[in-house]
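Values quoted throughout were computed directly from the atomic coordinates according to the rules given, and no laboratory measurement underlies them. Keep in mind it's a predicted model, so treat the numbers as computed, not measured. Please note: Cβ atoms are built from the backbone with ideal geometry, for glycine as well, and neighbour counts cover all protein chains shown.
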Amino acid sequence: MVEGAIHAGGCLCGACRFEAQGAPLDAAYCHCRMCQRSSGGPVQTWALFPEARFRYVAGRPAVYRSSDWGVREFCPVCGSQLAFRDADGVSLNTGCLDDPEAMPPRKHIWCESRIRWFDTADDLPRE
């Protein structure tokens, strides 16, 4: 991955578009119950960027405070979940990237909440 590369993405309908610059600080599969419920799937994949390297270039997301420590951003038109913000930065949902293959997960987190009928065939660390 090129250090200064721009990674573009957006929602299903195209109303919200974003850009993130450079390599992500981290990337993971999250198995927590909040991510399961907000995504509607058994896992959420994300890539973390510092706030200074992320911006919306079209549209403005709606915001939902899902916990005391973070907010979830989603398209107010189509409902696509785009990002999670907390003190660590902006975690983009990798499925919303134009090229999601550019940000493969490096680990699994919140594995104690993993839905038992879902598992991935990888050797990534599990927290």
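Using modelled amide H (1.01 Å from N, peptide plane; none on Pro or chain starts), what sits under 5 Å from the amide H of G22, excluding residues fewer than 5 places away?
So G22 has HN proximity to A5, I6, H7.
In a shell of Cβ-Cβ distance under 15 Å around P76, excluding P76 itself, what net charge do Lys and Arg (+1) and Asp and Glu (-1) give?
Charge balance in the 15 Å sphere: +2.
Just flag the GluC sites (Glu not before Pro) in region 1-59 sitting in loop per DSSP whose Cβ has no more than 11 other Cβ atoms within 10 Å.
E3
Order of 23-35, 64-76 by packing, highest average Cβ count within 10 Å first?
Those peptides, ordered most packed to least, come out 23-35, 64-76.
Roughly how many debye, to the nearest 20, is the charge dipole of region 6-113 about its Cα centre, given +1 on each Lys and Arg Cβ, -1 on each Asp and Glu Cβ, and no other charges?
Computed about the Cα centre, the dipole is about 240 debye.
How do R116, R106, R85 line up, fewest other C-beta atoms within 10 Å first?
R116, R106, R85
Calculate, in nm to one decimal, what D68 and C111 gain on full extension: separation in residues at 0.36 nm each, minus their alpha carbon distance.
13.4 nm
Just one of (i) 38, 32, 26; (ii) 34, 33, 26; (iii) 43, 41, 23 is Cα extents along the principal axes in Å calculated from these coordinates, so which is it?
(i)
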